[in-house]
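Computed from the coordinates by the stated procedures, all read-outs in this text should not be read as laboratory data. All figures in this text were calculated on a predicted structure; none of them were measured in a lab. Positions of Cβ are generated from backbone atoms using ideal geometry, with glycine treated the same way; all protein chains shown enter the neighbour counts.
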Amino acid sequence: MLGGECPKPCKGKWPTPPFDPRFPNQNQTRNCYQNFLDYHRCIKTMNRRGKSTQPCEYYFRVYHSLCPISWVQRWKEQIKDGTFAGKI
């Protein structure tokens, strides 16, 4: 699941991500990046504990709604290569 493929309930319409008071400005770049990190941290933590990754779906939906696909693809490549700058 760390690859970022769609969790099972991806079918249907996705609403716009709700307001996040940590990112009040129009520019949502940091919001995109933070939710990408939060998703991967959540997956890692849940897998380590042996629990369901269902709660991580929220972060997945938000970063897929906010982030350009090219950014996500580049970040996934960097994670795979071990050169990603974020702490996951």
Between the modelled labels at T16 and A85 (7 Å from Cα along Cα→Cβ) the distance in nm is 2.9 nm
Can you order the peptides 29-42, 63-76 by their average number of other Cβ atoms within 10 Å per residue, highest first?
29-42, 63-76
Principal axes first, then extents: for the Cα atoms of the range 27-88, list largest minus smallest coordinate on each axis, whole Å, largest first.
33, 25, 15
